[in-house]
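> Quick one: the structure is below, and I'll ask about it shortly.
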Amino acid sequence: AQTVTQSQPEMSVQEAETVTLSCTYDTSESDYYLFWYKQPPSRQMILVIRQEAYKQQNATENRFSVNFQKAAKSFSLKISDSQLGDAAMYFCAYRRSGTYKYIFGTGTRLKVLA
Amino acid sequence: KAGVTQTPRYLIKTRGQQVTLSCSPISGHRSVSWYQQTPGQGLQFLFEYFSETQRNKGNFPGRFSGRQFSNSRSEMNVSTLELGDSALYLCASSLVLPGDYGYTFGSGTRLTVV
């Protein structure tokens, strides 16, 4: 069975600094998608960034980028120039191609210090 | 355009009662999925509907059921509520195959069973 592991329950970063959130996953599949979602206190899960497993190039969305290491089954999220609004729970998620459900990690709470 | 709308936002029920939660997806989205979020178990997949058909179901007891209407709106029902059903229930919709571009989530319904 596929699993997603986020080993950092909580992280802190100074405003304007860079932070990296870790995610590892376990799968025997070769075709899948990976995602990072952000959940602020408003509770709504917001898609931050997505990565297709067959693409070698790491995805980037403005200040957010990933380091996708397929062989190591690692999918970390880097947040540059951290802002107060980045404070939230961050969830890593996996979806195998051809299926219809996501498998989520347990989340990392990110605190941004002014 | 309007996002995913979940009603009600908060709900308090007594053990043994039943409850119905509603989800209106983004206009044009035909896939709707439901997730249960608890501090202990994290985000767990409940089920997924596409064009009024349930395509996948998570590992939950039969007390959890759902349906989708012709306008893509979805409801989930929990019968004979137990204290352990207290959770945030999140609905998510997507335009094409779920996960290709990521879900759009609603803000959830917070269910408390007393």
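Taken together, the values in this text are just the output of simple stated rules run on the coordinates, not laboratory data. Owing to the predicted nature of the structure, the values given are computational and were not obtained by experimental measurement. We place every Cβ from the backbone using ideal geometry, glycine too, and count neighbours over all the protein chains shown.
> Return the Rg/Rh ratio of chain A with Cα-based radii and a Kirkwood Rh. List each step's numbers first, then the result.
Numbers: Rg = 13.6 Å, Rh = 14.2 Å.
So for chain A, dividing Rg by the Kirkwood Rh gives 0.96.
> Something else about it: Would you kindly derive the ³J(HN,Hα) couplings of segment A:26-31 from the backbone phi angles with the Karplus curve 6.51 cos²θ - 1.76 cosθ + 1.60 (θ = phi - 60°), listing them in order in whole Hz, with x for Gly and Pro?
Each residue's phi maps through the Karplus curve to give 10, 7, 9, 7, 10, 10 Hz.
> If neighbour count is taken as other Cβ atoms inside 10 Å, put A:Y54, A:Y33, B:Y101 in order from fewest to most.
Listed from fewest to most nearby Cβ atoms, that is A:Y54, B:Y101, A:Y33.
> Just rank A:M45, B:M76, fewest to most, by other beta-carbon atoms within 10 angstrom. Walk me through the numbers on the way to the answer.
Working: A:M45 29, B:M76 22.
Placing the least packed residue first, the sequence is B:M76, A:M45.
> Moving on. How much length is gained on full extension from A:K70 to A:Q57, taking 0.36 nm per residue of separation minus their Cα-Cα distance? Before the final figure, lay out each step's value.
Numbers: separation 13, 0.36 × 13 = 4.68 nm, distance 1.10 nm.
Extra length from A:K70 to A:Q57 when fully extended: 3.6 nm.
> Taking 8 Å as the Cα distance limit and 6 or more residues as the minimum spacing, I'd like the relative contact order of segment A:1-93 as a percentage.
Details: 179 pairs, mean separation 32.5, N = 93.
Dividing the mean separation by the residue count of segment A:1-93 yields 35 percent.
> Based on other C-beta atoms within 10 Å, arrange A:F75, A:F91 from fewest to most. Please report the intermediate quantities before stating the final value.
Working: A:F75 28, A:F91 25.
If I rank by nearby Cβ atoms, fewest first, I get A:F91, A:F75.
> On to the next question. In whole Hz, with x marking every Gly and Pro, tabulate ³J(HN,Hα) for segment A:97-102 from phi via Karplus 6.51 cos²θ - 1.76 cosθ + 1.60, θ = phi - 60°.
4, x, 10, 10, 10, 8
> Can you grab the distance from the C-alpha centre of segment A:15-70 to the C-alpha centre of segment B:60-74, Å, no decimals?
29 Å
> Right, another one. Can you work out D for chain B in µm² s⁻¹ from Stokes-Einstein, where Rh is the Kirkwood radius over C-alpha pairs, the temperature is 37 °C and the viscosity is 0.692 mPa s?
Values: Rh = 14.0 Å.
In µm²/s, the coefficient rounds to 235.
> Can you compute the FRET efficiency between A:E10 and B:S86 using 1/(1 + (r/R0)^6), with r the Cβ-Cβ distance and R0 = 25 Å? Round to the nearest 0.05.
Values: r = 24 Å, r/R0 = 0.94.
Computed FRET efficiency for A:E10 and B:S86 comes out at 0.60.
> Follow-up. What share of Cα pairs, in percent, lie more than 18 angstrom apart in segment A:52-95? Kindly include the intermediate steps, with their values, before the conclusion.
Details: 297 of 946 pairs.
In whole percent, the share of Cα-Cα pairs in segment A:52-95 beyond 18 Å is 31.
> Please state the relative contact order of segment B:18-114 as a whole percent: Cα pairs under 8 Å, 6+ residues apart?
On the way: 213 pairs, mean separation 31.2, N = 97.
Relative contact order, segment B:18-114: 32 percent.
> Multiply the residue separation of A:K111 and A:T3 by 0.36 nm, subtract the distance between their alpha-carbon atoms, and state the gained length in nm to one decimal. The partial results should precede the final answer.
Working: separation 108, 0.36 × 108 = 38.88 nm, distance 2.54 nm.
Here the segment from A:K111 to A:T3 would lengthen by 36.3 nm.
> I'd like the Karplus ³J(HN,Hα) series for segment B:49-63: coefficients 6.51, -1.76, 1.60, θ = phi - 60°, whole numbers in Hz, and an x wherever there's a Gly or Pro.
10, 9, 6, 6, 10, 6, 9, 7, 9, x, 8, 10, x, x, 5
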